[in-house]
Amino acid sequence: MTTHQSNLSPENRGLLLGLLGVVIFALTLPMTRLAVGPGEAPQLPPLFVTAGRAAGAALLSAVYLWLTRAPWPTRRDALPLAVAALGTVLGFPLFIALALRQVPSMHAAVITGVLPLFTASVAAWHLRQRPSNGFWVCAVLGCALVLGFAAVQGGGHLVAADGLLLGAMLSAAIGYVAGAQLSARWRAEHVISWVLVISLPLTLPVAWWVRPAVPADISAAAWGGFAYVTVFSMWLGFFAWFRGLALGGMVRVSQVQMVQPFLALLLAVPVLGEPLQMSTLVFAVAVVAVVFIGKRMAVHKEPRA
């Protein structure tokens, strides 16, 4: 049994955990679209989805932290916890929910292709990592592929909601780096749980304030989408994602996210009934190939002064 463990390096374990997190996150867009509904048939308010999913996950987190006797955060942890909360609990979910009132899930999915490049850039700047030129070529090429796909699908132009989506990507990248930094010292499950719990004094009152006036008028599908983004997108997915980033390296593991837009597109077919086009599969194969090559490129740490 030790042989199996030795054959699986920390980097490879990080990549596998990162991929698991990406699969969970890939359903976030179609499920959020179900929860908020399109502009012509709105369901749950975007602000309620943002605050409600964080508040619900925080209540689960509080129970989990108590059962596992998790250590309390120290003063040293306050800033990264706050940054992770602003990025993953507030910025990303709110921008996504607002954007999905204006554009379909498939449109939003392709724009999320810039997230790996955003995450790698934030991590390289913050953690003084120096990816090789080959790594950056692969990252930029992958980003260009997903943006090219967006242009093909969108008739060659972007829409106003794309600004919200880009804001969501930047928020997520900043939150991911802060959370992964904490996961190097803590269990990943404790990191996201504390991030959610410290946000509860804000998210719970806001969720109550903007709750739907007549909950019975909301469809079961919308409530199902809300339940998914609460339990999986906002909580359990980060168990795998933060640990994967910490084990495999933030810059390298972040590139696994390049497959997330295409997983979201594929999953939108059964969830939302959106048609699948052959061009989606072609671009998906190209992006997976770029990720495969990019993860073999060197990533170094700068020497400390």
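Computing Rg and the Kirkwood Rh from the Cα coordinates of the stretch 151-232 gives a ratio, Rg/Rh, of 1.07.
Kindly provide the helix-only [θ] at 222 nm of the chain, computed as the sum of -39,500 (n - 2.57) over DSSP H runs of four or more divided by all residues, to the nearest 500 deg cm²/dmol?
Taken over the chain, the calculation gives -22000 deg cm²/dmol.
Averaging 1/r over each pair of different alpha-carbon atoms in the stretch 162-305 and inverting the result gives 18.1 Å, the Kirkwood hydrodynamic radius.
Could you grab the Rg to Rh ratio for the stretch 1-93? Cα atoms only, Kirkwood for Rh. Let's see the in-between values first.
Values: Rg = 18.0 Å, Rh = 16.6 Å.
Here Rg/Rh amounts to 1.08.
Put one equal scatterer on each alpha carbon of the stretch 224-285, apply the Debye formula with no solvent term, and list log10 I(q)/I(0) at q = 0.12, 0.13, 0.15, 0.27 1/Å to two decimals. Ignoring solvent entirely, the Cα scatterers give -0.41, -0.48, -0.63, -1.07. Among 176-186, 74-84, the peptide with the highest mean count of other Cβ atoms within 10 Å heads the list, and the full ranking is 176-186, 74-84. Across the protein chains, with a 1.4 Å probe defining accessible surface, the residues Met169, Met31 rank Met31, Met169 from largest area downward.
Within the accessible area of the chain, what % is carbon and sulfur when the probe is 1.4 Å and the other protein chains stay in place?
Of the solvent-accessible surface of the chain, carbon and sulfur hold 70 percent.
Taken as entire DSSP H runs, the helices of the chain that both span 20 Å or more between Cα atoms along their own long axis and average -1.0 or more on the Kyte-Doolittle scale are 10-26, 46-67, 133-153, 161-183, 188-209, 278-294. Along the positive direction of the dipole of the chain (beta-carbon charges: Lys, Arg +1; Asp, Glu -1; about the Cα centre), which of Ser279, Leu164, Pro71 reaches farthest? Going by the Cα projections, it comes out as Pro71. For the chain, the dipole from Cβ point charges (+1 on Lys and Arg, -1 on Asp and Glu) about the Cα centre works out to 1000 debye, to the nearest 20.
Using equal-weight Cα scatterers in the Debye expression, the normalised intensity of the stretch 36-137 in log10 at q = 0.14, 0.23 Å⁻¹ is -0.81, -1.20.
By average Cβ neighbour count within 10 Å, what is the ranking of 65-72, 43-50, 128-135, 16-23 from highest down? Kindly include the intermediate steps, with their values, before the conclusion.
Numbers: 65-72: 11.2, 43-50: 23.1, 128-135: 15.6, 16-23: 21.1.
Ranked from most to least packed, the peptides come out as 43-50, 16-23, 128-135, 65-72.
Per-peptide packing, taken as the mean over residues of other Cβ atoms within 10 Å, places 88-97, 219-228 in the sequence 88-97, 219-228 from highest down.
The values are calculated or read from the model by the stated rules, or taken from the named source; none is laboratory data. The structure displayed is predicted, hence computed values, not measured ones. All Cβ positions, glycine included, derive from the backbone under ideal geometry; neighbour counts span all protein chains shown. Just so you know, the surface numbers come from the protein's heavy atoms only, side chains and all, with ligands and any DNA or RNA stripped out. Shrake-Rupley method; radii C 1.70, N 1.55, O 1.52, S 1.80 Å.
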